[in-house]
Structure formats: C-alpha cells, structure tokens
C-alpha cells in the first residue's frame, strides 16, 4: 500500500487529503499556539496608513531599525524578520547604513535569506562566505546562488533560510530545517544522487531561532512536517505593523507585557505583497504563519514524526484477519454485509479515536492508506461474499433442479448445509407400472422409451406440483419423498394428494393410448417414518436420496398394491394425516423381508 501510494497519483492524493484532514482535526481539538510567539503584521491597513509618511512599498530599511530600537524597552526575546531585505536602496543609502548599523548591534535579531536555483542569479563560491553562515562546510569548488540580507557579514550566525517548497499538489505541509547544497543542486537537475564527500549545509530560519537556546536539542532530519496549532488563517496573536511602529516611536507602558519575552516575527499578510501560502489550514495563509508554525513545533517539540509504513502491516493484517473470520463464519450474504460493515466501522472509529496517538508515533501519514484499505477490504470481501453467494445459488440450482420443482429450489438457495446428510421424518412414495414387460414386448425400443418419457413427464410434473422431492427412476418405477430438504409438516397429506392426482393422470394417459395398450396400470405405495437423507455417491455420480427402512417399506407396499389396491399407505402415514381421506383398512399384512406385520390402508374404492 505504501508503494502504491508513492507511485500512483490518486493514492498519493488520498494520503495528502487524509493528512490535511487529520491535521485540521488535531489543530481544532488540540492546537495550542506557543504563548511566546507574536506576529507583527504588515497588512493592507499598514501599507495604506504609512504610505503618506513612508511612501509606497518597499519601505526604507530605516523603518525596521526604528521599530527594533523603539521596542527595546519592552524586553523582546527575539526578532525574526520574515521580509527579504536584500537589495541595496540606491535612492536611500543612509537608510540602509542605519539599518545595517542597528542590526549589527542586536544579538537577538534573525534575518532572512533565500537560496535560489542554479542559473537564476550570480553564483559565488560557498567557501567565500563568512564563517558561521554554514552549519557544515563542503567542497571548496561548490558555488551557491542566494539572496543575502544587507549586512549579513556582520551577523552570519543569525541568518536563516526561509525556503519553503510545496508538495506536488501545491500545498505547504513541511518546512526545511537544513539545506544541503548538493541536495539542492540535485533537485535542480532532477537527480536524486548527491555528490560524494562532505556537503555544504545551511540553517533554515526555524533552526536558527530555536537553536538560540543552547540547551535545546534540535532534530536531525532535513525537514519538519508541520503540526498546525489552530484552524484560523492566523492562529497566533498579532499586532498591525502600523500600531507597533507607533508604539516604537511613542512607547506606552501598558503594552509592556504584550511584547515582553516574545518572539516577534515581522511578516506580511497583505495580498499585494504575495506572501500567501496554500496550507492544510487555509488556501491563503500568510507565509509568516508557516514560519511561526515551524518555530513553534521546534519549541514545543510537537512536529509530526514520520515512521516507516511497514508498521502498518500489523493494522492491515488485523483488518484482513477479522474479515476472513467473518467470511468463513457467515453463511448468508446479507449477514456478511452487515457484519463486515460493522467490523469496518469499528476499525474506522478506532482509527479516528487514535489520531492523537498517530500524531505522536508518526502514522498520521498512513491514515489515507488505512482508510483506503478499510474501504477496499470491505468492498472486496463483500464482492467475494456476493460471488460465493452466486456460486452457491448456481450449485444449489444445478444440484436440486433435477429433484425438485424450480419454485422449491428457489427457496433453498443460499443455504450452505443443503446437501448435508441428516436424519429426519419423511414420507416416501413408490410407484411402478404394472404389466410393463408385456407392454414392452408389443413395441420396439424407441416406442417404449417415448411412451415412458411421456408418462414420466406427466407424473413428475404432478409430483413437483405437490412439492415432492424426486429421488430417482428405477426402470419403470419412480421414487419420491416429502420432508427433505424442506421440512413439511403436512408431508403425508401431500403424498396422498399427489397419489390421487397420479391416478387421475393414469386414466387420462390410458385414454390417449391405442386400445391394445390400455392394460397400462400402476401401483403406489406410501409410508412415513425416519430415514437418512443426503448426498450419496461419488464426484462422478452424485444423488440426493433417502435410505433406511422407511424406503424399504414404501417399496414393499407398492409391490403388494396389485393384490390389495392401486394406492396403499401404512398406519404411520394415516396417523400423520391432518385431513380426512377415503382410506379403507386392508388389515395387517406381512411384507416381504419383514417378520412383523404392518397395518395398511387402501386409498379409494
């Protein structure tokens, strides 16, 4: 899943979307901006209000010098200038000189620089840069293209890079901590290989600011995955630049606590200054908020930590094992759908409630693939269940379509135990053609088969009409039973009704035969009792049949029907009847192969 998410755009988009959604959720529920961060916002109001005095943008550099010096009595902890003060002002050199002189005297001032792609400016040897500007030195022949702040030679240890690169979808989610010159060159040439040997490494602004406290341990990764601290576009307290500038020129004691021990980040939210970023929180979030968030994450040590997605195999196996267990245990498609939906919902709720933990252990990045896995596994297993249900229905239809009326087969589909052997009470009917041997001597083989097929088709339709299970044809005999695979409390009634209808069919069938063949007659034996019913045979030949003494008795009753009457039933069948039928006692008869006599009854006159 992790590999797919990296190499397939729509999966990567899902990862980004889930990460942003989770980040917003965390920002709304648990976001706590660092209390020492205060923004000085160069907003549209400031640009308009100061225009008569300072002119249009860019302002003279002396403005920042007056701001810093004027607010010194408020005991500011740090100044972070998130404005590029790089190019010399040819029209106001004195203002530049004043700014450089003021900045060099500020031990808590941090200035912004930007590393440019190769070819977009003048490249200078990295070795020519002042000591302290680079965190790590590399090859002397390497060159760097950058926009450096005015006077950076005087305070190189307090120059930080403010390069921030969006992800593939244009959204800013991370902030660099250290910039490797070789890595930047490789990125510019679309390569992933780095030059051999030591590399030049430059500090980003958040690294510089957080590292001002010598006792703070900074992370070693190249970039910081941001944990946003609120759902507002500007979650940190801010003060308009024009208001701060007025306080610098005319200090007011009641504002002492507003600035005391604060990290003041001077940046812009003005639309015209084009420093608005598309982030997980807002489509137009001021760049200084992005910088403030990175500094905040380092100070509070609550940035996102990205762990290897391989640990997700435990979660994915958990989901898979649960669905496999449900798949094996559930017998019906509807029940499985309900169970799998419940299981998926449970895992989804666990995922949502575990988001704070995911934030800490670095699995927040994988929440998208987790959600995708939940949905795909739910859909996949339901598809398998539907396929299993379909195959089961097909199997049931093929298996029982030979024995049962199609309407009965339709009520059986979806039952997995349909072919399992079971002991149950059934009513068995045997019917045989009398005088079939002499009848067959009068016809050739083709005519005999045609005659039998006509007769069997008529009688089988009648049996199906009365919900019988057709067991088999035995030569010119038919065996059928009631009570399996569907339980039929009125099975004895159905058997006698079917026998009555079969006798009526016989009369119609005989009337359609030539006079020479009208000696055609049948005998029927019916008995009720326990038998074992199920699939019998091998893979090559499999039958759904009933075996036991009940079957033998029904067969023997049919064999004596030529003596005692066309349709005979046993005492057990008579007792199982729920309605009245014209049954006449024949008496106790000893059937072939049995020692005890059995009370039998004749149906009709």
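The values are calculated or read from the model by the stated rules, or taken from the named source; none is laboratory data. Since this is a predicted model, take the numbers as computed values, not measurements. Every residue, glycine among them, receives a Cβ derived from its backbone with ideal geometry; neighbour counts consider all protein chains shown.
Looking only at residues in the range 22-56 that are out of contact with any helix residue (DSSP H, G or I) (no Cβ under 8 Å at 6 or more places or on another chain) and in contact (Cβ under 8 Å) with a residue 40 or more places away in the chain, which one is surrounded by the fewest Cβ atoms within 10 Å (Cβ to Cβ)? The selected residue is 28. If you go through the range 434-454 and pick out every residue that is in contact with a helix residue (DSSP H, G or I) (Cβ under 7 Å, 6 or more places away or on another chain) and loosely packed, with under 13 Cβ neighbours inside 10 Å, you end up with 1. Looking across the range 116-163, the residues that are under 17 Å from residue 84 (Cβ atoms), surrounded by fewer than 20 Cβ atoms within 10 Å (Cβ to Cβ) and in contact with a helix residue (DSSP H, G or I) (Cβ under 8 Å, 6 or more places away or on another chain) come down to 117, 150, 151.
Based on this model, can you work out whether residue 235 counts as touching a helix residue (DSSP H, G or I) at 6+ places or on another chain (Cβ under 6 Å), surrounded by 22 or more Cβ atoms within 10 Å (Cβ to Cβ) and at pLDDT 85 or above? So residue 235 does not fit the description; no.
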